Amino acid sequence: SISYPAAPQVTSITPATGVNTGMVGISSLTGTGFENGAEVVLKKTGEANITGTNVMVLPPAQITCEFNLAGAAEGPWDIVVINDDGQSGILPGGFQVTYPAPQITGIAPLIGINNGPVSITNLSGVYFRSPATVKLTRLGEPDIPGSSVAVVNAGKITCSVALAGAAAGPWNLVVTNPDGQYAIATNIFTVENPAPSVSKITPNRGANDSTVFISALNGTGFRPGAIVQLTKNGQVPIPATGVNVVSATKINCTL
């Protein structure tokens, strides 16, 4: 048989990575000794070979082609160029197959109260993989990691977040797959303070021809900046003045 003077050698590939969801185009496979009619194959121990299609050889140093990576195993693959005389060259582990990065599309519930843990019943998206991690982030605040994270399927995660003492306002959500790829949903989750409750007011009556000083409006969840008003169906609300939030359980003011 007649063969070419030298076996091909493979030196580089561009791109050197591809996601295992479909086709990837190789714009430049470089080396030496490439001949018309060459075949390009990805090989990995224990896996079926992936043969390149639409192979175009620009002898002697460049090849373009496509690989169908749908369902291919993650990790490094060898690149093999085989000339039509049977001689071959290999670049060991030269091509990396990756899983797609996760994406977040929604979260339920959208709001959590900062007085204890909150169960996230449906963190929705695509390409979630177990064991993923979940956390809430906010500039200037410590991260809140999710616990009991369960990847129900590639489109759903459930977990719990400990919100006790967390700052009120919008928080970002981050999901990280085991390969380190991650998704961020900005301001998707809102932390709220508990709603106030009123249990008692002293005095509890006043004449309608003067102002009345309320020495103690008692309850829970009072916060600085609170407003107080009397309401009655069909009547204009009566706003309080001089509202003083003494504590989370006591306010005084004037009506």
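The values are calculated or read from the model by the stated rules, or taken from the named source; none is laboratory data. This one's a predicted model, so the numbers in the text were calculated from it and none came from an experiment. Cβ: placed from backbone, ideal geometry, glycine included. Neighbour counts: every protein chain shown. What goes into the accessible areas is simple: the full protein's heavy atoms, side chains included, and nothing from ligands, DNA or RNA. Shrake-Rupley method; radii C 1.70, N 1.55, O 1.52, S 1.80 Å.
Any chance you could run the full-extension gain for Ala167 through Ser28? It's 0.36 nm times the residue separation minus the Cα-Cα distance, nm to one decimal. It would help to have the intermediate numbers written out before the result.
On the way: separation 139, 0.36 × 139 = 50.04 nm, distance 5.09 nm.
Here the segment from Ala167 to Ser28 would lengthen by 44.9 nm.
Arrange the residues Asp78, Asp143 by how much accessible surface each exposes, largest first, with a 1.4 angstrom probe.
Asp143, Asp78
Rounded to whole Å and sorted largest first, list the principal axis extents of the Cα atoms in region 212-255.
Taking the Cα atoms of region 212-255, the three principal extents are 32, 20, 16 Å.
Please report the accessible area of Tyr182 (heavy atoms, 1.4 Å probe, ligands and nucleic acids excluded) in Å², nearest 10.
Solvent-accessible area, nearest 10 Å²: 130 Å².
Go ahead and collect, in residue order, the members of region 99-123 whose backbone nitrogen is under 20 Å from a label point 7 Å along the Cα-Cβ direction of Thr17.
99-104, by backbone N distance to the label point.
Principal axis lengths of region 88-154 from Cα atoms, whole Å, largest first?
66, 29, 20 Å, listed from the longest principal axis down.
At a threshold of 8 angstrom on Cα-Cα distance, excluding pairs fewer than six apart, so keeping six or more, what relative contact order does region 114-218 reach in percent?
Numbers: 212 pairs, mean separation 27.1, N = 105.
Worked out over region 114-218, it gives 26 percent.
Which of the listed residues, Gly125, Pro92, Gly75, is farthest toward the dipole's positive end in region 44-135, when Lys, Arg count +1 and Asp, Glu count -1 at the beta-carbon?
Gly125
Given a cut-off of under 8 Å on Cα pairs at least six residues apart, what relative contact order in percent is computed for the chain?
13
(1) 58, 50, 45; (2) 69, 37, 31; (3) 116, 32, 30: which one is Cα extents along the principal axes in Å as calculated from this entry?
Checked against the structure: label (3).
Using a 1.4 Å probe, how large is the accessible area of Lys200, given in Å² and rounded to the nearest 10?
My reading of the accessible area for Lys200 is about 120 Å².
Given a 1.4 Å probe and heavy atoms of the protein chains only, how would you sort Ile227, Ile144, Ile113, largest accessible area at the top?
Ile227, Ile113, Ile144
Given a 1.4 Å probe and heavy atoms of the protein chains only, how would you sort Asp84, Asp209, largest accessible area at the top?
Details: Asp84 95, Asp209 125 Å².
Largest to smallest exposure gives the sequence Asp209, Asp84.
Over region 56-122, with the other protein chains present, what is the accessible area per residue in square angstrom, probe 1.4 angstrom?
45
Charges at C-beta only: +1 for Lys and Arg, -1 for Asp and Glu. How large is the resulting dipole of the chain about its Cα centre, in Debye rounded to 20?
Numbers: 11 positive and 13 negative charges, 367 e Å.
Dipole about the Cα centre, nearest 20: 1760 debye.
Just to check I understand the Karplus step: with θ = phi - 60° and J = 6.51 cos²θ - 1.76 cosθ + 1.60, what whole-Hz values come out for region 128-138, glycine and proline as x?
Values per residue, Gly and Pro as x: 6, 9, 8, x, 6, 10, 10, 8, 9, 10, 8 Hz.
Take the solvent-accessible surface of the protein heavy atoms, probe 1.4 Å, and return the percent of it on the chain that carbon and sulfur atoms account for.
54
On the full set of protein chains, 1.4 Å probe, figure out the accessible area of Arg138 and give it in Å² to the nearest 10.
Probe radius 1.4 Å; accessible area of Arg138 about 70 Å².
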